[in-house]
1. Can you give me the number of residues within the range 91-113 that are assigned to a strand (DSSP E or B), surrounded by fewer than 15 Cβ atoms within 10 Å (Cβ to Cβ) and touching a residue at least 40 places away in the same chain (Cβ under 8 Å)?
2. If you take the residues of the range 40-69 that are part of a loop (DSSP other than H, G, I, E, B) and aliphatic (A, V, I, L, M), which of them is nearest to residue 94 (Cα to Cα)?
3. Just to be sure before I move on: is residue 60 in contact with a strand residue (DSSP E or B) (Cβ under 6 Å, 6 or more places away or on another chain) and exposed (fewer than 13 other Cβ atoms within 10 Å of the Cβ) in the structure I sent?
4. Does residue 88 meet the test of being modelled with pLDDT under 95 and open to solvent by 20 Å² or more (accessible area, probe 1.4 Å)?
5. With the checklist (1) open to solvent by less than 20 Å² (accessible area, probe 1.4 Å); (2) over 16 Å from residue 102 (Cα atoms); (3) free of Cβ contacts under 8 Å to residues at least 40 places away in the same chain in hand, flag the one item residue 33 doesn't pass.
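The values are calculated or read from the model by the stated rules, or taken from the named source; none is laboratory data. Note that the structure is predicted; figures quoted are calculated from it, not measured. With ideal geometry, Cβ positions are generated from the backbone for all residues, glycine too; neighbour counts draw on all protein chains shown. Accessible surface areas use protein heavy atoms only, side chains included; no ligands, DNA or RNA. Shrake-Rupley method; radii C 1.70, N 1.55, O 1.52, S 1.80 Å.
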Amino acid sequence: MSKARVMAVAAIGLLVAACGGDSDAATATGDDGTTLSITAPSDGAQVSVPFTVEVDSSEEIGATDTGLHHVHVYWDGDESAFTLVETDSVEITDAPEGQHTLTASLHNADHAPAGVEVDITLTVGDGGESDDGGGYGY
């Protein structure tokens, strides 16, 4: 391969890496292209209460009374016991101990599902390990 070609391939690789976003983020895409990510904690993390869940969406997130989308965060498929998220993060102050599935589900202002949700697996318990020192209580 010529030196110019190697440099071009390397430049493309750097560009892709720079645009790729957070590699630790768990992301889902709905049928209409809407995206929702859990950017913290990372999938598989061990956390201690309290900890912060950070989300990112292609839709603007805000208070339900503004007509904007919001997120429901819940454990192990129990959609009836959700934490309402109207910003890009929420502090979780109560969580079941052990290994569980945390789901973030994008919703319309009227609480109807917007068609995209993302799951991560967390182990909740004292003595959690910090995988990045990010101050999330894990």
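1. Residues in the range 91-113 being assigned to a strand (DSSP E or B), surrounded by fewer than 15 Cβ atoms within 10 Å (Cβ to Cβ) and touching a residue at least 40 places away in the same chain (Cβ under 8 Å): 1 in total.
2. Across the range 40-69, the extreme among qualifying residues is 49.
3. no
4. In short, no.
5. Unmet condition: (1).
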